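Laboratory data are not the source of any read-out in this text; all were calculated from the coordinates shown. A quick note: this is a predicted structure, and the numbers were derived from the prediction, not measured. Cβ placement follows ideal geometry from the backbone for every residue including glycine, while neighbour counts extend to all protein chains displayed.
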Amino acid sequence: MAVDPLIELRDVNKHYGTLHVLRDINLTVGRGEVVVVIGPSGSGKSTLCRTINRLEPVESGTVLLDGRPLPAEGRALARLRAEVGMVFQSFNLFAHKTVLANVSLAQVKVRKRGKEEADRRSRELLERVGLLAHAEKYPAQLSGGQQQRVAIARALAMDPKALLFDEPTSALDPEMINEVLEVMQQLARDGMTMVVVTHEMGFARSAANRVVFMADGRIVEDRTPEEFFTAPESERAKDFLSKILKH
Ligand SMILES: Nc1ncnc2c1ncn2[C@@H]1O[C@H](COP(=O)(O)OP(=O)(O)O)[C@@H](O)[C@H]1O
Ligand SMILES: [Mg+2]
């Protein structure tokens, strides 16, 4: 399906001790595609995200970004890692730095931009996520939803080829979830390649090109949202959906 693969995992396996946490993972994410990953807690979703930008090494198999294998370490890895942005459940902003400084920091350190250029780019991105007016505030002065939008702006500031989101709205109060999902929807419409671990089924239905369902370290289903939600094939997926769609 994916004519122009940006992220490819081939026969990826990983253990934590005796726990086989990723089992024969084969996944291709095309350029501009949005893939939502869902599955029960402990199924390996976060580990999958971390292997894509090599926060975690794999034991066997290959991870390709834009056709190139991920380097094991060193400067090449740092460069490549910067090409895949990651947004976590916890926003991890620097508390003692302003919103603007949070977004500019890695641009200067990793992308070697001058401070003025970095700040200019940061302001553009803060505008894009609706937070330009808050540029001079500190993270603690913002709501959780606003902080997560800053974290998204910070990830975008590296001009990544793809963005990974690991349960970006799970730590948020309900009324703040939508403002974050709306920013993500807009990124999807703008053609950003995204892998999104989430339990927000509305987002999966409206923004995803594919839904990947994981259980016990395996990809059990990899289908369009329409197919997945209306006719899941596996018992595991049926069971999971019946549990999360109940509330
Ligand atoms: N650093 C680690 N060391 C040992 N076990 C881990 C580590 N990280 C995750 N695990 C285990 O691997 C399994 C998959 O974890 P994870 O990828 O976080 O799943 P998910 O994100 O789907 O909830 C879980 O059983 C978890 O306890
Ligand atoms: Mg997780």
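Annotations for the structure displayed:
- With eigenvalues of the C-alpha gyration tensor scaled by 5 and rooted, the chain, Å: 30, 22, 16
- Neighbour-count order for Y16, Y138, fewest beta carbons within 10 angstrom listed first: Y16, Y138
- Annotation: lysines with alpha-carbon distance below 18 angstrom to K109 (same-chain offsets under eight excluded): K97.
- V34, V197, V180 arranged by Cβ crowding within 10 Å, fewest neighbours leading: V197, V180, V34
- Label zone at N13, where the point sits 7 Å out along the Cα-to-Cβ direction: segment 38-56 residues whose backbone N lies under 19 Å: 44-45, 47-48, 51-52, 56
- Whole-angstrom gap from segment 6-75 to segment 134-205, using each part's C-alpha centre: 21 Å
- Nearest-ten-degree value, helix 144-156 long axis tilted from longest Cα axis of the chain: 90 degrees
- Approximate shape of segment 102-247 as ellipsoid semi-axes (Cα gyration tensor, √5λ), whole Å, largest first: 33, 17, 12
- Out-of-range pairs (alpha-carbon distance over 31 Å; input K14/K243; K14/K137; K137/K246; K45/K137): K14/K137; K137/K246; K45/K137
- Over all distinct Cα-Cα pairs of segment 11-94, the Kirkwood formula returns a hydrodynamic radius of 14.0 Å.
- Relative contact order [Cα under 8 Å, 6+ residues apart], segment 117-236, whole percent: 18 percent
- When the Cα positions of M86, S43, N26 are compared along the charge dipole of segment 6-90, M86 comes out farthest toward the positive end, with charges on each C-beta of Lys, Arg, Asp and Glu.
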